[in-house]
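Some notes on the structure that comes next.
The values are calculated or read from the model by the stated rules, or taken from the named source; none is laboratory data. From a predicted model like this one, the values you see are computed outputs, not experimental measurements. Here the Cβ positions follow ideal geometry from the backbone for every residue, glycine too, while neighbour counts run over all protein chains shown. Calculation scope for accessible area: heavy atoms of the full protein, side chains included, ligands and nucleic acids excluded. Shrake-Rupley method; radii C 1.70, N 1.55, O 1.52, S 1.80 Å.
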Amino acid sequence: MDRECVSLLPSVCEVLADSGRSLPDDTSLEKLLDWFTGITKAEGSLLKACPCLLEFISTVGHSTALDPSVLSFALKLTGLLAATEDGFIKLQECSLLEQVFNLQHWQDAGLWEDPCLRIGWIHGLKNLLQCPKALSFFVQSDFIEPLLQLQTDSSLFVASAANQMLAHILLFFQPVSSAGYNAIDEKEEEEDGRTRTAITDLGTSTQYTAVVETITEYLKESLVPKGNRQLHQSLQILKLLALLLAQARPPLRDKLLQTVTDSLEELVTAGCSVLTLPLMDVILAAYSSSGTDERVPDQRVSRLLSSMLNINKPADLIHAAAAFLRRSRHHDAVHTAWTVRILLLPLDIITGQTLLGTNTTGEDWFSMIEQLKSKSSCVSVICVCLTNTPQIALKPSGVLPCSSALIITAVLSLLRICSGVSSSSSTGCSEVCRNVIGSGKVQKCALEALTALSSSPGAKEKISEVFTVLTQYLNSPDSDPTVLHKSYQALVKWISMCTDLSFMTDQLRQDLVEVVEKRVCDMRWEVRDSTVEFLGHLAGVRVLLKSANEEVCDASEALLGGSCTTPLLKEALQDTESYVRASAVSALAKTLAHSWQQGAALALEETEIVSRLLEILSQDTEGFARRAVVRYFISWFSSRSSHSPPSSSSLLMQCVRSALSQGSADLDWEVKVHTLELAELLLDEAFLGQRGYRKGSDARRALPHPYAVVSDQAYTLHTHSGALTEGGESDLTGALNNLVEQGAISALLSGLVDCDRPVGLKACRLLITLRETVCPLSIGASVARVSCELPGQGWGQEIRKVLGTKKSDQASEADIAAQRRLNGADEIHSEDCGETGEEGDSAIVSVCEVLRSLDLEERLDVLTQSSDHIHNSPLSLLQDILTASAAHANPDTQTGQEVIVDCY
């Protein structure tokens, strides 16, 4: 622990123990506790380093006038100090454990009613019970009964904490069984800081047995609600049981099941809808943990599961079946087959498709129809079924009552019903159909299901029907923007799953073209944006046209024709909504990527697009579109062909130079990071293969930052200038000169002093890579003579200030001269690269000299640290508590001048 922190801690404890000096920020106590917890994990006992904490706990334990938050903090801290064996013994010797955790003391003082104190008591005990010896103290103090009462506390936070505490006691101290112990258990125990030996020693403890008996009997007696008031109690107990059964080893797990099975069966029979899902959580927790490769699931659990999958309430039955299908890890063909039938029944009824065969007119069928006649219930049930259809369609044929293709047909039929195009012909279902007509919720669920069903067996034979239904949805005037968006997503997914589009008729193509042309001009910007995105996604899908001599082409060309997409996207660049403009830029990059890769000459239309993109980059008021423009040039640069016409390459490099210049000066930090990605591609092309050069993707040495940009695609660079010979000075000099002329060096230096940390971090790493490539001692004078211009304003002035500071720290002019002679820098255009000069005057400096003089490693260390590493430290926190206390105690403090404690 820091020495200065240790010296301040007694004063902080005095402030906290003083009832007259409250803190303006209660979270400071949680920060203190976090700090103490970290020290305990790293260094062991806190009491040796901070003996003042004993006095603080003793003072607080006798006080009833303190703020409940301080009392709660003291309870948690006491438990933390006693979590180690030495700490536990020390606190027991001082009788502080009995004093602080004395429930009667807090009740008599009238403080127990505050949930803050109750949760502090629970958390303190949980910390305390990390020490194996603490179980005796817990049992002898009769804490189990009040803890069970808190399990149904009126405060959800307290009740949840009590649940976690009860689970901790049973699981932490459970004995090790050779039959149920495995490597996973061992790993979990190591992570919890426990040892197998300690737990084995506790296995014979009668105290643990007594605790288990008390808790399991409580669970058995309280599980079945006696009235509405006890329903909350049943819910809490079911949560606790699910937690326990998922983690308990065989001895404890068997004891729990033996005790509560009868009560669980009674709950299942009661059919309380509120308890359906919590009950399934318990049953599935036991079901998943009971069966292994060596033995079948427990028969008691299987019986409970069968009962849940035969309950009389259709809505509850659907939810139970969905829970089983979603969470079961067992290969249980019987229950799985029954679950599938339950979930397909509503679709069978509403669509008229014979998903379950012809014999479906039993009692379940009629009760489900009655359930579906209620509109709210119908929509809810159908959506649950739709959500599970993709998983159902992947089940083996022995489990499915019908083919996967028929399930797709049922979903398509439901979509037609929802849009009012058709209705079910099944007897008695017309009232049910009316409940889903126009339901946006059902349409969205059905479209999501249809999208996922594209990868199911039998999907290929349904592609034509799917295409027809989706085109109808896109053309419908009643479709809301979200439905249209999901229709586009489904269409792209199904097209991407096709090996060919030979099924497409001219009429289908014409219908799609008309729909896209209509939607790209929709009054709603969300629809226009979805349409433009759709065009971009299509361009990224490669399909086979069998009718055209096995020709492979973009899906946009196959479906819409080559003359349709680009004009529509070009028009979208003028859209009034920035999201649409950004989507249009991205879609254009995907549309033109294939021609870039083939080295095709730029058409006049593409030249006009480039002019518009540069205009967006320099003038657009929204960052979305400007980011997309820089990514466009990244995509163009990285995917161009080595056989591109000179005119195309010339225009690209002009655009790159403009993008680097404008992007590095942008106000949006993401634009600047993308600009640095473009500069990185230039570096890759210039130096790939050179000694000391590492591609950016190979040189990332730190974790992403909280708001760092992550590119949505990986760019592969195609080099064109030929391999550079290792150590070839003339090639290296030429490459560095080109980078200066293209503006890459200026962009990197500008990014280095940028106020946004991700920008500075990326620029710093690239500059280090550049320095390691061009500035080794063996390089001759010609490379050292390559110079760049530092502007007199903005980033240039900042760089010159950094260099000036560096100069003032150097030992002598002789050392500087010697270093320059050693590096071969006999001629430098600026007398001194660190000279700041007059404001507004530019300076010509050696690139190598600047790279050596910037202390890039030191800057990287600073940038890699969190932005709050200086101010929001433990020392800062302690100082803030003392300062805030003094300010509150000072009667002259004016309103608005309160000291706010740092948040870290």
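List of remarks:
- The protection proxy used here, the mean number of other Cβ atoms lying within 10 Å of each residue, ranks peptides 414-421, 238-245, 138-145 as follows, highest first: 238-245, 414-421, 138-145.
- Of the residues MET368, ALA270, ALA248, the one whose Cα sits farthest toward the positive end of the charge dipole of segment 245-375, with +1 on the Cβ of Lys and Arg and -1 on the Cβ of Asp and Glu, is ALA248.
- By a 1.4 Å probe calculation restricted to protein chains, VAL211 has an accessible surface near 10 Å², given to the nearest 10.
- Ratio of the Cα radius of gyration of segment 401-560 to 2.2 N^0.38 Å, where N counts its residues: 1.05
- Over all pairs of different C-alpha atoms in segment 20-146, the reciprocal of the mean inverse distance, the Kirkwood hydrodynamic radius, equals 14.6 Å.
- Listed residues SER479, THR468, MET497: farthest to the positive end of the dipole of segment 462-519 (Cβ charges): MET497
- Computed E for THR505/SER422 - FRET, C-beta separation, R0 25 angstrom, nearest 0.05: 0.70
- Across CYS131, CYS52, the residue with the most accessible area heads the list, and the full order at a 1.4 Å probe is CYS52, CYS131.
- Residue-normalised convex hull volume from the C-alpha trace of segment 122-169: 58 Å³ per residue.
- Accessible surface of HIS123, taken over heavy atoms with a 1.4 Å probe and every protein chain present, rounds to 70 Å².
- Percent carbon-and-sulfur accessible area, segment 342-447, ignoring ligands, DNA and RNA, probe 1.4 Å: 50 percent
- Remark: segment 458-471, residue by residue, has Karplus-estimated 3J(HN,Hα) of x, 5, 4, 6, 9, 4, 5, 5, 4, 4, 5, 5, 5, 5 Hz, where x stands for each Gly or Pro and the curve is 6.51 cos²θ - 1.76 cosθ + 1.60 at θ = phi - 60°.
- Taking a sphere under 14 Å around the Cβ of VAL442 and counting the other residues whose Cβ falls inside, with K and R at +1 and D and E at -1, yields a net charge of +3.
- Distance in nm between pseudo-label sites at ARG303 and ALA603 (7 Å out along the Cβ direction from Cα): 7.4 nm
- For the peptides 525-535, 106-116, residues were scored by their other Cβ atoms within 10 Å and the scores averaged per peptide; the highest-first order is 525-535, 106-116.
- Here the spin labels are modelled as points 7 Å beyond Cα on the Cα-Cβ line, and at LYS373 and GLU461 they lie 3.7 nm apart.
- Accessible area, probe 1.4 Å, largest first, for residues MET497, MET653, MET308: MET497, MET653, MET308
- Summed side-chain charge close to GLY420 - residues other than GLY420 whose Cβ falls under 13 Å, Lys, Arg +1, Asp, Glu -1: +1
- Rounded to the nearest 20 debye, the dipole magnitude of segment 454-548 is 320 debye, with +1 charges on Lys and Arg beta carbons, -1 on Asp and Glu beta carbons, and the Cα centre as origin.
- Residue-wise HN-Hα couplings along segment 783-793, as the Karplus relation 6.51 cos²θ - 1.76 cosθ + 1.60 with θ = phi - 60° gives them from phi, are 5, 5, 7, 5, 10, 9, 9, 9, x, x, 10 Hz; Gly and Pro carry x.
- Using R0 = 41 Å, the C-beta based FRET efficiency linking SER45 and ARG327 works out to 0.45.
- If you take all other residues with their beta carbon under 14 Å from the beta carbon of SER496, and give Lys and Arg +1 and Asp and Glu -1, the sum is +2.
- Solvent exposure ordering (accessible area, 1.4 Å, most first) of MET504, MET523: MET523, MET504
- Packing around the peptides 342-349, 565-572, taken as the average count of other Cβ atoms within 10 Å per residue, puts them in this order, highest first: 342-349, 565-572.
- Working note: Karplus 6.51/-1.76/1.60 with θ = phi - 60° gives segment 207-212 the couplings 5, 5, 4, 5, 5, 4 Hz, where Gly and Pro are set to x.
- Pairs from LYS460/LYS486; LYS462/LYS486; LYS41/LYS133; LYS462/LYS518; LYS31/LYS762; LYS41/LYS255 whose Cα-Cα separation, in the structure shown, is over 29 Å: LYS31/LYS762; LYS41/LYS255
- Each residue, GLN574 and LEU688, gets one label point 7 Å from its Cα in the Cβ direction; the gap between the two is 3.9 nm.
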